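To start, the structure itself, in structure tokens.
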Amino acid sequence: MAARGNVQDPNDRRLRPIYDYLDNGNNKMAIQQADKLLKKHKELHCAKVLKAIGLQRTGKQEEAFSLGQEVASLEPTDDNSLQALTILYREMHRPELVIKLYEAAVKKVPLSEDFHTHLFMAYVRVGEYKKMQQAGMTLYKIKPKNPYYYWSVMSLVMQAISAQDEKLAQNMFLPLAERMVEKMVKEEKIEAEAEVQLYFMILERLGKCVEALEVVRGPLGEKLTSELQSRESKCMKMYGRLERWPECNALAARLLLTNPDDWQLYPSYFDSLFHLMDQSWSPPNAGEHCSEGVVHHTVSDVVRFVEERIEAEDIKESRALRGPYLARLELIQRLRDRGDAQESVLGLPLELMVQFFNKFGDKPCCITDLQLYLHLLPVDQHVQFINRLSEAVLLEEQGDDGSMFPADTRALQRHLCVCQLSRALGLHHLLDQEGKLRLISELKAHYRHGLKFGDGALKTELQFSDSYCLMAAHVYIDLWKETGDQKMAWMSLGLLHEGLSRSPSNSQFKLLLLLLYCSLGAFEPAVDQYSSLDAKHVQHDTIGFLVTRYAESLGQFAAASQSYNFSLRFFHSNQKDTSEYIIHAYKFGAFEKIPEFIALRNRLNQSLHFAQVRTERMLLDLMLEADIVVSLEESIRSMSLSVEDDDICWDTLRDNRDLTVFTCWDPKDRRLSEEQQRRSLEDEIMWLRIRSLTLRLLASLSVPAHLPATENSSENGVGDKSSAARLQLEHLNQTLQAAATEENRTQFPFLGPPCTRLGLALSCGSCQCQAAALQLSVTMQDLDAIGLEDSCELQTQICNTFKSVTVQLQEMLKKSRGDFLELKENGLISQQHLLETLVFFVESLCVVLLTASYCAKILRPLKTSLQKKKKKKKGPNAPQPLVLCGFQDLTSSLQELLTESLQQVRGQESHITSLKLSTLTLDGRTQDEASFISSAMDKVQSSFLRSLQEVGELLKKRAETVKNLKI
């Protein structure tokens, strides 16, 4: 069979069906096809590797690895085998093995450009910058192409960036990279823009700003053409670093002449102005101000320049540009910050804002622009400002009740902007309850009226009036939080569902619904809303906390496990994905992007959310284990958990949460402050530390419980693990003590970060109970070392702990009593904290059972040894040791607790099932409103029943566990 004039390799034809099966996800057929081929062609190595890929994808990792290593040991040099092995090792997350493959291939075929290229990229995947540098130069010697040379140069730059010793970077790596590029400059071998970009990057990192400026402004700078104003932006950056403020100012002014709407230029323009003013700079008596043109060194110069830009745009009568108008407000703010009275030259902020609204009030960006400068208005001008804006809004259409509405979308946007600004100035919050209810009615009326403008809109398009609906929901939430009347939360839910029925793609509706449902204790509808958001890539890190925070705490263990695994898949693919981005950056010469990709990878690896999800997933797996008595050691081993090693880098944890994901028009004093963000992060880290210590202490329970005296030494690691467990237990108690000293946990705005589980865990006694149970693992090891005959005091201590954890569990169960959902005169009442307390009880019970299982493993051989001694003495029967009696009492108490808790869960299920939500009357609501609210209540009821069902199933499993705790 001919292909483009060449004879096709017969092996390619034979392998094609296997590739097709793998590409289509039919891994079993791929394995079968590979086996058939290998029977006829035993030496077809690629078929073996493709079979290994199929085995890997069907979960047979050890067999796949063995088969892959079998081929790798032969050091193949055919492209098919090498590429297939590369795919196999990447899927196994073993990129270091790819390096060995191509190192062997390069030794056999030392002049192969392809093999050297693949070896370089293999080094890229693992970040071996030194070897990358050497591989790049080897490639350049084989094939003297510019890209290979600059791969080596960039590898030197990466060595500098990653070097822990800054002196090494500045004195060795970067100067060597500079000399390598200078060599190419002298030989006039600079060919591409990427090479100039790299030269500039090196000079910039070396702090050689003058030389960098010369490169940009010289002949090499002419190659910088891919980005608009690339040369100018680099010049401005260097002027700023060199503190050459006249040139910086003149260049910014010159660029603003051609593009007055480029907001990135204004900060440099204003910064340079104030530096010139501080230096009392004045232009020379003769000649030009500077090499870049005329310098604006006074406030009056800048004001005149900005006003000219506004006049010039007005004369053109083209699309109005916001930049110059906002520049006036920005300049007033900066002058006010400096205490400079010249701000009066620009006019009153109120007048400038009214002028801005008149120009741009019909654009959605108007609110976000003006919101930045509302603080410039004195409080006594707030109402006046809103009244002035309202005069500019045309309301022409009359409703049935005489209300006036906008006649088109531009008027609607203006009216909406006035409402948003009113809320941002705090005027909504000053209203009493009746006033807020009237406001909600007005907002809903405007929302429903505005729907007519989007009658023909696609499902993916938002309605013009959606923000009215969202704002009304916010006011409902204000009333709920101020009065404690949960009916307002249901009204908000109903309204948001109504909005979502007309705008199915509105992410803000979905996010707020998610938050409201979780606040009411219902996770099932919340996870549906999160799924419909279809979060992409890094969003799993930035907004994933919204769903993972509540998954387990609301008793939805299956959904929790699913959401944890979903997040972890993203984080685990991060290494592979970002490596591919870096490889492509090298291939296409995008050298400036390489440090950014590596920073992204580090940011995700150090993510607080990643550490939280990983820890919580492992704790949940231990809790849900079908038979925790039998499979604990196996579970710990599969998780690769270690008591001694903490794989969380506490010092470099990154808070990647997007705490501004909710649209919010609240005034600044009601929004999330920097202090609250800091406290939120501290609470999250403290809770993570407690959970991580708990997990590692549970890992210590997998240590063999009883070893002969000759073996029980530090040689086999048991003694080390015992001391490590003591140390971790001490850290846990210290952390709990520090957490308990916090008098009041910080309260965050409703649209801010959710509070951690720490506050409730401490108040209900869960943390204390788990710590006491984990203490048993250490004291039982002491008992194992001493024996039963000489340990009366220790046995008493252990028995007291048995009683203590039982009492704490009883108290927790008691605190979870009450109706999770109940019908009252004013509607359905949800008590989320009772459900969370019940889940804490279940978690603590599982920890107690895990430690009880460990205790049983120690006590069984001790009891057997004691019985043997009694038989030898043949004396009167001595009373049973105290600790054995105490353990029997513990198991009996746990059995009673499980029975009681199961009855409580069944009682709650019966109560919630019996609630007749259809009997609720929603006075003053339309039929549609009542329907949406009723639907939301049904979802909450269903979610609570689901939570209770899963809690009940887990308690039944644990009841079976208790039966096996016999000594």
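You will find that of Ser901, Ser947, Ser943, Ser893, the residue that is in contact with a Gly (Cβ under 8 Å, 6 or more places away or on another chain), among the polar types (S, T, N, Q) and under 30 Å from Tyr854 (Cα atoms) is Ser947 and no other.
Look through Glu232, Glu243, Glu214, Glu227 and report the one residue that is open to solvent by 70 Å² or more (accessible area, probe 1.4 Å) and more than 28 Å from Gln159 (Cβ to Cβ).
Numbers: Glu232 fails: open to solvent by 70 Å² or more (accessible area, probe 1.4 Å); Glu214 fails: more than 28 Å from Gln159 (Cβ to Cβ); Glu227 fails: more than 28 Å from Gln159 (Cβ to Cβ).
Every option except Glu243 fails the conditions.
Within the stretch 922-955, restricting attention to residues that are among the small types (Gly, Ala, Ser) and surrounded by 21 or more Cβ atoms within 10 Å (Cβ to Cβ), which residue is farthest from Leu500 (Cα to Cα)?
Here is the first cut: in the stretch 922-955, the residues among the small types (Gly, Ala, Ser) are 924, 930-931, 934-936, 942-943, 947, 952.
With the extra rule that they be surrounded by 21 or more Cβ atoms within 10 Å (Cβ to Cβ), the set shrinks to 936, 943, 947.
Values: Ala936: 13, Ser943: 20, Ser947: 26 Å.
Going through the qualifying residues, I end up with Ser947.
Of all residues in the stretch 557-579, those satisfying the criterion of being under 19 Å from Val126 (Cβ atoms) and either out of contact with any Ser or Thr (no Cβ under 8 Å at 6 or more places or on another chain) or open to solvent by 20 Å² or more (accessible area, probe 1.4 Å) (or both) are His572, Ser573, Asn574, Gln575, Lys576, Asp577, Thr578, Ser579. Scan the stretch 62-82 and tell me whether some residue there is open to solvent by 70 Å² or more (accessible area, probe 1.4 Å) and farther than 30 Å from Met132 by Cα. Yes, because at least one residue in the stretch 62-82 is open to solvent by 70 Å² or more (accessible area, probe 1.4 Å) and farther than 30 Å from Met132 by Cα. Met471 passes every criterion in (1) open to solvent by less than 30 Å² (accessible area, probe 1.4 Å); (2) under 30 Å from Phe566 (Cβ atoms); (3) at pLDDT 95 or above apart from (2).
Taken over the stretch 95-106, the criterion of being touching a residue at least 24 places away in the same chain (Cβ under 8 Å) and either open to solvent by less than 20 Å² (accessible area, probe 1.4 Å) or among the charged types (D, E, K, R) (or both) is satisfied by Glu96, Leu97, Val98, Ile99, Lys100, Leu101, Ala104, Ala105. Flag set for Asp666, criterion: touching a Gly at 6+ places or on another chain (Cβ under 9 Å), among the acidic types (Asp, Glu) and part of a loop (DSSP other than H, G, I, E, B).
Looking only at the stretch 44-62, which residues are under 25 Å from Phe115 (Cα atoms), in a helix (DSSP H, G or I) and modelled with pLDDT under 90? Selection gives His45 alone. A Cβ distance below 6 Å, combined with a sequence gap of six or more or placement on separate chains, defines the contacts here; from the stretch 305-316, residues that are closer than 15 Å to Val345 by Cα reach residues that are open to solvent by 20 Å² or more (accessible area, probe 1.4 Å) in the pairs Phe305/His296. The set of residues in the stretch 499-509 that are open to solvent by 10 Å² or more (accessible area, probe 1.4 Å) and assigned to a helix (DSSP H, G or I) comprises Leu500, Ser501, Arg502, Ser507, Gln508.
Could you pull out the residue among Arg958, Arg906 that is open to solvent by 70 Å² or more (accessible area, probe 1.4 Å), touching a residue at least 40 places away in the same chain (Cβ under 8 Å) and not aromatic (Phe, Trp, Tyr)? Criteria check complete, one pass: Arg906. Scanning the stretch 807-826 for residues being open to solvent by 10 Å² or more (accessible area, probe 1.4 Å) and not basic (Lys, Arg) gives a total of 10.
Can you pull out every residue in the stretch 159-171 that is closer than 19 Å to Ala590 by Cα and open to solvent by less than 60 Å² (accessible area, probe 1.4 Å)?
Initially, the stretch 159-171 is screened for residues closer than 19 Å to Ala590 by Cα, giving 159-162.
Passing the criteria: Gln159, Ala160.
Quick grid of which residues meet (1) outside any loop (DSSP other than H, G, I, E, B); (2) farther than 30 Å from Ser830 by Cα:
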residue: Val527; (1), (2): yes, no
residue: Ala535; (1), (2): no, no
residue: Tyr564; (1), (2): yes, no
residue: Ile583; (1), (2): yes, yes
residue: Tyr586; (1), (2): yes, yes
residue: Phe591; (1), (2): no, yes
residue: Ile598; (1), (2): yes, yes
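Write out, first by first residue and then by second, each pair whose Cβ atoms fall under 8 Å of each other, whose residues are 6+ apart or on separate chains, and whose first residue, in the stretch 360-371, is open to solvent by less than 10 Å² (accessible area, probe 1.4 Å) while the second is among the acidic types (Asp, Glu). Once the first residue is open to solvent by less than 10 Å² (accessible area, probe 1.4 Å) and sits in the stretch 360-371, its partners that are among the acidic types (Asp, Glu) give Phe360/Asp369.
If a residue must be within 23 Å of Asn259 (Cβ to Cβ) and aliphatic (A, V, I, L, M), how many such residues does the stretch 323-372 contain?
Step one: filter the stretch 323-372 for residues within 23 Å of Asn259 (Cβ to Cβ), giving 323-334, 346, 352, 355-356, 359-360, 363-366, 368-370, 372.
In the following step, the residues that additionally are aliphatic (A, V, I, L, M) were identified as 326-327, 329, 331-332, 346, 352, 370, 372.
Result for the stretch 323-372: 9.
To keep it simple, each residue is scored yes or no on (1) aliphatic (A, V, I, L, M); (2) touching a residue at least 24 places away in the same chain (Cβ under 8 Å); (3) in contact with a helix residue (DSSP H, G or I) (Cβ under 6 Å, 6 or more places away or on another chain).
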| position | (1), (2), (3) |
| --- | --- |
| Ser777 | no, yes, yes |
| Ile786 | yes, no, no |
| Cys792 | no, yes, no |
| Cys799 | no, yes, yes |
| Val805 | yes, yes, yes |
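Pick from Leu496, Leu512: which is closer than 28 Å to Ile912 by Cβ, part of a helix (DSSP H, G or I), modelled with pLDDT of 95 or more and under 22 Å from the mean Cα position of the chain (by Cα)?
Values: Leu496 fails: under 22 Å from the mean Cα position of the chain (by Cα).
Unique residue meeting the criteria: Leu512.
Only one entry in Ile598, Ile582, Ile543 is more than 30 Å from His833 (Cβ to Cβ) and buried (at least 21 other Cβ atoms within 10 Å of the Cβ), namely Ile582. For the stretch 863-878, the criterion of a residue being surrounded by fewer than 20 Cβ atoms within 10 Å (Cβ to Cβ) and either modelled with pLDDT of 85 or more or hydroxyl-bearing (Ser, Thr, Tyr) (or both) is satisfied by at least one position.
Keeping to the stretch 659-701, report how many residues are touching a residue at least 40 places away in the same chain (Cβ under 8 Å) and open to solvent by less than 50 Å² (accessible area, probe 1.4 Å). Quick ask: steps written out before the conclusion?
Initial filter on the stretch 659-701 (touching a residue at least 40 places away in the same chain (Cβ under 8 Å)): 659, 661-672, 676-677, 679-681, 683-701.
Remaining after also requiring open to solvent by less than 50 Å² (accessible area, probe 1.4 Å): 659, 661-667, 672, 676, 679-680, 683-688, 690-701.
Matching residues across the stretch 659-701 total 30.
Look at Ser830 and say whether it is under 21 Å from Gln486 (Cβ atoms) and either under 35 Å from the mean Cα position of the chain (by Cα) or crowded, with 22+ Cβ neighbours inside 10 Å (or both). Yes. The residues listed here are Leu174, Leu156, Leu139, Leu85; of these, the one that is open to solvent by less than 10 Å² (accessible area, probe 1.4 Å) and in contact with a Pro (Cβ under 8 Å, 6 or more places away or on another chain) is Leu85. Within the stretch 637-654, being touching a residue at least 40 places away in the same chain (Cβ under 8 Å) and either open to solvent by 50 Å² or more (accessible area, probe 1.4 Å) or among the aromatic types (Phe, Trp, Tyr) (or both) holds for Arg637, Glu644, Asp646, Cys649, Thr652, Arg654.
Report yes if Ser280 is on the phi > 0 side of the Ramachandran plot and open to solvent by 80 Å² or more (accessible area, probe 1.4 Å), otherwise no. I'd like the intermediate steps shown before the answer.
On the way: on the phi > 0 side of the Ramachandran plot: yes; open to solvent by 80 Å² or more (accessible area, probe 1.4 Å): yes.
For Ser280, the condition - on the phi > 0 side of the Ramachandran plot and open to solvent by 80 Å² or more (accessible area, probe 1.4 Å) - is met.
Within the stretch 372-419, restricting attention to residues that are in a strand (DSSP E or B) and out of contact with any His (no Cβ under 9 Å at 6 or more places or on another chain), which residue is least open to solvent (accessible area, probe 1.4 Å)?
Just the residues of the stretch 372-419 that are in a strand (DSSP E or B), to begin with: 397-398, 404-405.
Restricting the remaining residues to those that are out of contact with any His (no Cβ under 9 Å at 6 or more places or on another chain) gives 398, 404.
Details: Gln398: 134, Met404: 73 Å².
Among those residues, the one meeting the criterion is Met404.
Can you tell me which of Ser892, Ser901 is part of a helix (DSSP H, G or I) and open to solvent by 20 Å² or more (accessible area, probe 1.4 Å)? Steps first, please.
Working: Ser901 fails: open to solvent by 20 Å² or more (accessible area, probe 1.4 Å).
Step by step, each of Ser892, Ser901 is checked, and only Ser892 is part of a helix (DSSP H, G or I) and open to solvent by 20 Å² or more (accessible area, probe 1.4 Å).
The values are calculated or read from the model by the stated rules, or taken from the named source; none is laboratory data. In this text the structure is predicted, and so the values were computed from the model without any measurement. As a convention, Cβ positions derive from the backbone with ideal geometry for all residues, glycine included, and neighbour counts pool all protein chains shown. Note: accessible area is taken over every heavy atom of the protein model, side chains too, but ligands, DNA and RNA are not part of it. Shrake-Rupley method; radii C 1.70, N 1.55, O 1.52, S 1.80 Å.
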